[in-house]
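Below is one structure, written out as structure tokens; the observations come after it.
The values are calculated or read from the model by the stated rules, or taken from the named source; none is laboratory data. What you are looking at is a predicted structure, and each value in this text was computed from that prediction instead of being measured. Cβ sites come from the backbone with ideal geometry, for glycine too, and all protein chains shown count toward neighbours.
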Amino acid sequence: MASQPHEPLRFFAELRRRKVFRAVFAYVAIAFIALQIIDLLIPATNLPSWADALLLAIAIMGFPVCIIAAWALEQTPDGVRFTQPVGNDNSEHEPRQPMTVGLAATLGLFVAAGAVWWFLVSPSQDELAAVENTIAVMPFETLGADKANAFTEGVHLGVLTRLSNVSELEVISRTSVRAIDTKDKTLPEIAEALGASWILRAEVQVSGTNVQINARLIDARQDRQVWAQNYQRELTVDNIFDIQSELALAIIEALHKNLTPLERARVDQRPTDNLEAYGLFTSGRSELDRRDEQGMRAAVVYFEQAIALDANYALAWTGLADALILLYDYHIDRDDSHLIRAEEAIHRALELDPFSAEAFASLGLLNHARQNSPEAIQALTRAVKLKPNYADAQSWLAWGYQISGNPEAGLTSAKKAVLVNPLSGESRSNLTLSYLATGDYDQALVEALHNQDLLASWPTALFYEGIALYHQGHFAEAQTTLKDLSVDWTDFGAESLLALSYIATGDEQAAREILDALILTDDFFSVALVYAALGESDLAFTTLQRIDHWNSWPALALRHFFPSVIGPLREDARYQAIIDNLDKSWGIDDRTPWQ
């Protein structure tokens, strides 16, 4: 009886007989050629840049199908049929099972390899979507001897605002595109700094009563132009807004994005009938973006002038509200009349435009200033649903979630705000706070240092750095950062944190010197925090019970920070009464959705 070949050799002989190797080589060759062709077509056509990755994924998933088909089927004079095994089909002695197991194992390896590549090497679908959908509308350039920079800024803001209404796009905020230093940077470098895949650039030239705009859309990753258009019109209110709408719609079409009916209406919307009012509004937004006292006060004047020219200008009313509220909320001018005027402005804006995301965001900001957390979060949630790309609304929503005790939701909103406004000091600051609140102190420190580069004069960034260093156990570095630091909105938060760092390093005398100074103030929370760190819980509770109204910093600190200090207090039966008082200060009760 002839000896049977070893099972592996028999299996590979069967692969050759069934021409599986030939099919595999042919499949790989065809797939390789197809990938080369698609790489050549992408620069010359409007095919999306992810087309080659899609084809590669299809090729990998089709590979096991090719093997199965080659194994199971054969071409005969009678057509395609199932491949017959060697010998008699009905033979009970034909050892088919080992070959079946071997084939299954081989296919399993191929499928596993494909899965590993897909999930570990290729970007996730969310990452691909974020990359593909992010566009930076760079500040438009003014050409000609008679330069009208304010007009150019208005056109730029109009196009950017229209694109920001599209839910399928991530539009980098005006604050960030104006802040980036483009000198000596290539387009791919600019795009990388902003986290954008697409760049829109344009030149605006005003000549007498005519305006000309040359626009082009660039795939920044490959530094290639994919669309360009020239617009020439007589300079009228209708024409200038028509150009903005046409330009925005052309970009949306070039990027193959879809619009809801409401989004289409927003893209076509004409905000005012007065070009001068439009210019004043643009100037007001530019000033407000600075986030300092001079900018806020100048913004109030610009918005008031715009409203005087067009009392039906809804965005000017929301701009006025934002400027007044921020003056109050940044502790620059704590005049209650600012909030009263802001409320009137918001109501007027909503009368003019009931679906204004900007007005709902302003309403949320107003409720934050009045410490009504549920109403603030409700209004801001409505704002981001209407306009997901509104970075200010996302950032303010993150702040509200942190104060209300929902740190994970706050982190999600803060990340979204930074995605569309990566160079905003305010957005970065709230992202830093969100990382601190969720216990990611390493990333919080990174963001705090980044924020100092954006706003070197803003003490909050140094304060957050000190909090991160303290929680990391770098007490000496925290002391260096916090010494002589004052942060108005925290009262004496920096000083109390400095005392905690002294206690952590065993320098109780230095801590008690700070405590003695704090006792002379009305900052009861800072005093209680130091008492708790010294292990004097009864004095800590006695002091906490003196707090009638909880402001932002005490609410944040008690909820999220200093677990080694506040932890023992949380185990005390008296602690719940403190939390109840805090919640009451912010309008939170058992009916609040996130409770």
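Summary table
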read-out	value
Residue list for segment 470-518, restricted to those being β-branched (V, I, T) and under 19 Å from A557 (Cα atoms)	T481, V487, T490, I503, I514
Segment 460-509, residues that are among the acidic types (D, E), assigned to a helix (DSSP H, G or I) and either over 29 Å from the mean Cα position of the chain (by Cα) or exposed (fewer than 14 other Cβ atoms within 10 Å of the Cβ) (or both)	E477, D488, E495, E508
Close pairs (8 angstrom Cβ cut-off, 6 or more residues apart or separate chains): under 16 Å from S164 (Cβ atoms) and in contact (Cβ under 8 Å) with a residue 40 or more places away in the chain in segment 403-421, part of a loop (DSSP other than H, G, I, E, B) and of a type in the set (A, V, I, L, M) anywhere	V420/I172; N421/I172
Cβ-Cβ under 8 Å pairs, at least 6 apart or on other chains, segment 471-489 side on the phi > 0 side of the Ramachandran plot and modelled with pLDDT of 95 or more, far side surrounded by 13 or more Cβ atoms within 10 Å (Cβ to Cβ) and part of a loop (DSSP other than H, G, I, E, B)	none
Residue count, segment 350-369 (criterion: closer than 16 Å to P271 by Cα and over 23 Å from the mean Cα position of the chain (by Cα))	5
Some residue of segment 538-551 being within 39 Å of the chain's Cα centre (by Cα), of a type in the set (D, E) and not in a helix (DSSP H, G or I)	yes
Of residues in segment 197-230 being among the polar types (S, T, N, Q) and in a strand (DSSP E or B), the one modelled with the lowest pLDDT	S207
Test result for W317, in contact with a Lys or Arg (Cβ under 6 Å, 6 or more places away or on another chain), buried (at least 16 other Cβ atoms within 10 Å of the Cβ) and among the aromatic types (F, W, Y)	yes
Which listed residue is under 26 Å from the mean Cα position of the chain (by Cα) and either of a type in the set (D, E) or surrounded by fewer than 24 Cβ atoms within 10 Å (Cβ to Cβ) (or both), from A444, A409	A409
Lone unmet requirement of (1) within 26 Å of Q225 (Cβ to Cβ); (2) out of contact with any Gly (no Cβ under 9 Å at 6 or more places or on another chain); (3) surrounded by fewer than 20 Cβ atoms within 10 Å (Cβ to Cβ); (4) modelled with pLDDT of 90 or more for I251	(3)
Residue within segment 335-349 that is of a type in the set (S, T, N, Q) and more than 28 Å from the chain's Cα centre (by Cα) present	yes
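Results for (1) among the small types (G, A, S); (2) free of Cβ contacts under 8 Å to residues at least 40 places away in the same chain, shown as yes or no for each residue.
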{"position": "E170", "(1), (2)": "no, no"}
{"position": "S176", "(1), (2)": "yes, no"}
{"position": "D181", "(1), (2)": "no, yes"}
{"position": "D184", "(1), (2)": "no, yes"}
{"position": "G195", "(1), (2)": "yes, no"}
{"position": "R201", "(1), (2)": "no, no"}
{"position": "S207", "(1), (2)": "yes, no"}
{"position": "R216", "(1), (2)": "no, yes"}
